[in-house]
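As structure tokens, the structure follows; a few thoughts come after it.
The values are calculated or read from the model by the stated rules, or taken from the named source; none is laboratory data. Bear in mind the structure is a predicted one, so any value in this text is a computation, not a measurement. Heads up, the Cβs are rebuilt from the backbone with ideal geometry, glycines too, and the neighbour counts pull from every protein chain shown. To get the accessible areas, we keep the full protein, side chains included, count just its heavy atoms, and leave off ligands, DNA and RNA. Shrake-Rupley method; radii C 1.70, N 1.55, O 1.52, S 1.80 Å.
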Amino acid sequence: MQRIITIERFIIEREHEVPGATGEFSKLLTDIALASKIVWREVSKAGLVDIIGSTGKINISGDVVQKLDEFANEIFINVMQKGGHLCVMASEESGLIEIPEELAKGKYVLVFDPLDGSSNIDVNVSIGSIFGIFRRVTSGGKGTEEDILQPGRNLVAAGYVVYGSSTILVYTTGNGVHGFTLDPSIGEFLLSHENIKIPKKGDIYSVNEGYYERWDENMKKLINYLKAEDKATGRPYKLRYVGTLVADFHRTLLYGGIFMYPGDSKNPEGKLRLIYEAAPLAYVVEKAGGRASNGFQNILDIKPTNLHQKTPLFIGSEEDVNLVEKFLQGKYED
């Protein structure tokens with residue numbers, strides 16, 4: 001009989017492998033799983049209650065706020081701030097989130113996008129959550145913006161949740177990338193994808209080609225190359241694009257290939273947030289054997305200068321990201 005492993009059991013077993021572990025980090029990961037289950041519960045019945053659609057508000061990042069965005073943001077804040085493991089948080093919806101004075105403070109920092117792709121819920125397309133965890137760099141008391149403005153290379157854990165035909169939580173603490181599928185009948189995340197490894201090279205590219213005319217010439221040459229017929233190099237690549245970062249990334253992680261959100265003439269730095277989206281997923285993909293780049297620099301090496309900094313993102317199989325960089329830097333020779 002196959003051994004059934006819950007995410008809580010998996011986390012505890014891994015904790016025992018770390019000398020001197022106190023359990024604080026394990027409880028933090030368990031709290032994230034709990035928050036994800038609460039968000040899933042509401043997402044799964046969004047069509048039955050009045051939480052779909054736009055609130056008419058604009059968040060700190062300049063995006064239209066969906067009702068589910070607000071709900072998911074509040075859930076993550078309420079669950080995570082009471083555990084005593086965090087000194088500060090930051091989210092795409094709220095920016096800096098201080099831990100209330102009356103609550104205990106810990107040595108970790110949480111950054112998160114509570115609900116990626118929420119505008120897709122009205123048409124029943126997969127959406128998700130993204131999170132990253134840092135150790136604090138300031139001393140004592142409540143955390144500050146300095147604790148959040150760290151390069152992705154400093155992350156100690158990161159992951160995401162896909163709310164789709166099934167709900168899957170994928171995370172890494174730096175030693176392997178593991179996926180857990182929610183069993184609604186028992187309300188538990190069960191280990192379903194152990195030690196995920198992304199293929200070194202794929203045959204799928206994912207990008208919104210509706211912005212083609214806004215791209216620079218090197219980006220256009222790259223797309224034309226991927227679509228050209230050439231059996232020797234395994235082209236053309238297949239195009240797959242959901243329009244939800246988490247869903248497109250999850251497919252890329254499992255099947256290989258490349259997800260791209262380049263800058264363009266209207267948005268030179270793209271639209272994805274470095275802290276809440278790009279860096280956590282870059283950490284995940286690197287621990288699975290892949291790469292993430294802005295076209296010129298590894299995403300994990302970029303030190304953010306503000307909480308809502310944007311970045312172009314090219315993420316996926318190592319060889320495919322290397323190819324993208326050659327094109328964007330004008331170094332590709334056919």
Taking N as its residue count, the alpha carbon Rg of the range 241-332 over 2.2 N^0.38 Å: 0.99
Highest mean first, what order results for 294-300, 127-133, 29-35 on Cβ atoms within 10 Å? 127-133, 29-35, 294-300
Per residue, how much accessible area does the chain have with a 1.4 Å probe, in Å²? 44
Pairs of Cα atoms under 8 Å, at least six residues apart: use those to get the relative contact order of the chain, whole percent. 15
Estimate the FRET efficiency between His308 and Ser185 by the formula 1/(1 + (r/R0)^6), using the beta-carbon distance for r and 41 Å for R0, to the nearest 0.05. 0.55
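Determine the gain in length on full extension of the stretch Asn154-Arg41; use 0.36 nm per residue of separation and subtract their C-alpha separation, reporting nm with one decimal. Intermediate results must be reported in sequence, preceding the final value.
Details: separation 113, 0.36 × 113 = 40.68 nm, distance 3.22 nm.
Separation in residues times 0.36 nm, less the Cα-Cα distance, equals 37.5 nm.
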Sorted on mean Cβ neighbours within 10 Å (highest first), peptides 221-232, 316-327 come out as 316-327, 221-232
Rounded to the nearest percent, how much of the accessible area of the chain (1.4 Å probe, protein heavy atoms only) is carbon and sulfur? 49
Here the convex hull volume per residue of the range 190-295, taken over Cα atoms and given in Å³, is 115
About the Cα centre of the range 181-322, how large is the charge dipole given +1 on each Lys and Arg Cβ and -1 on each Asp and Glu Cβ? Please answer in debye to the nearest 20. 200
Give the Rg (one decimal place) followed by the Dmax (whole number) of the chain, computed from C-alpha coordinates and expressed in Å. 19.5, 64
Sort the following peptides by mean Cβ neighbour count (other Cβ atoms within 10 Å, averaged over residues), highest first: 110-120, 81-91. 110-120, 81-91
Label-point separation, Lys238 to Asn175 (7 Å along Cα→Cβ), nm: 3.6
